[in-house]
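Each remark here refers to the structure printed beneath this line.
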Amino acid sequence: MISFKMKEIKNTIMNKLKSIILTFIILGVILSSCEDDVATLQVPVIPTDVSLNIDIAPDSSGMVTFTPSGTDVLTFQLFPGDGTGPEVIAPGESFDKIYGGLDSVSFGATLVAYGTGGASSSISTTIDLFLKPQVAPEVLIALTGAELNSSKRWVWDSGTGGINGHFGVGPGPNIADQPEGDYEIPAFFDAEANRFEGGCLYDDVLTFSVNADGALFFNLETNGETFINEQAILDLVPGGNTDEATCNPVDDLLILSTIWSVRPVEEDRDLLTFGGGVLTPMSYYAALSEYQILELTPNKLRVRGFTSDGNLAWYFQFIPE
């Protein structure tokens, strides 16, 4: 009996020893793993001597080349300042950016340099650009009459009515109830010929000019009154009549002389913009900021502009005076 108990006690002690040894082995493995993890953690190193070389193309096209540099940098992030980005730039590389706009513009660019351990350093700078619109020669000739030192006066094509006439309204790209197959035409309203005869609309003259240096200018002659969409009247004339589109003396509230530009967009269609934005109308004021050129020849200018909500499209057609 005593021999059996001694054997049982011995087995118990051995099992406990094995358990203790196994525990130490596991702890050893864990501690070793932790030491390896500690060894692999990168010590934060803040980049130093961070700089940004900026090369502006001399042709006023808006092309800017950014070349960042610094010490202890793993990667750079560039925020160009025009709402785009960030752009990732590897050390030793450059990034080309084309800025948009008209005339003199400024952008605040920020460069962030990242080092080991997530450490970072940043610098900011202001980029001042003079952007000369790069307009295709055929567009210049059609709109102004020549590539340099010329101007051309346009008036409403009031004698042309119907779907392909001088004035119309159709669905925009964001309208909820999109008429199937009618997106590219003034499906809501198309004016018959001389529909607005006797009002102020047909008195307006649009002049597109290019000077000897290639600068582009636009001028709208209204004879004192401008035809305004009823939805836009209250924006310009508080307390004005909103029952229908009317003639209003708002020349002092609009930007009638400014610069213009035409640039290609998707679907091989050009986009016409004015420096005055929505306050520079193409005669009829509907708070449109830019116009798609649907047709442009030396004898016809047909455009379409969308409202800011994208629900309506306005169609205008002009001919040389």
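Please give the strands (runs of 3 or more DSSP E) falling wholly within the range 76-140 in which 2 or more residues are among the charged types (D, E, K, R).
Because the criterion is at least 2 residues that are among the charged types (D, E, K, R), the strands (runs of 3 or more DSSP E) in the range 76-140 that meet it are 95-98.
Please state which one of 298, 281, 320 is touching a residue at least 40 places away in the same chain (Cβ under 8 Å) and surrounded by 19 or more Cβ atoms within 10 Å (Cβ to Cβ).
281
Just a yes or no: is a residue in the range 123-146 polar (S, T, N, Q) and touching a Lys or Arg at 6+ places or on another chain (Cβ under 6 Å)?
Looking for residues that are polar (S, T, N, Q) and touching a Lys or Arg at 6+ places or on another chain (Cβ under 6 Å), one finds at least one in the range 123-146, hence yes.
With farther than 21 Å from residue 191 by Cβ and over 21 Å from the mean Cα position of the chain (by Cα) as the only criterion, which of 280, 297 stands out?
Going through 280, 297 in turn, just one is farther than 21 Å from residue 191 by Cβ and over 21 Å from the mean Cα position of the chain (by Cα): 297.
Name the residue that is farthest from residue 187 (Cα to Cα), counting only residues in the range 306-320 that are of a type in the set (A, V, I, L, M, F, W, C) and out of contact with any Gly (no Cβ under 7 Å at 6 or more places or on another chain).
So, considering only residues that are of a type in the set (A, V, I, L, M, F, W, C) and out of contact with any Gly (no Cβ under 7 Å at 6 or more places or on another chain), the one farthest from residue 187 (Cα to Cα) is 319.
Return yes or no: is residue 110 within 23 Å of residue 63 (Cβ to Cβ), loosely packed, with under 15 Cβ neighbours inside 10 Å and not aliphatic (A, V, I, L, M)?
Answer is no for this residue.
Only the coordinates and a few stated rules stand behind these numbers; no lab work does. Here the structure is a predicted model, which means the values were calculated and not measured. All Cβ positions, glycine included, derive from the backbone under ideal geometry; neighbour counts span all protein chains shown.
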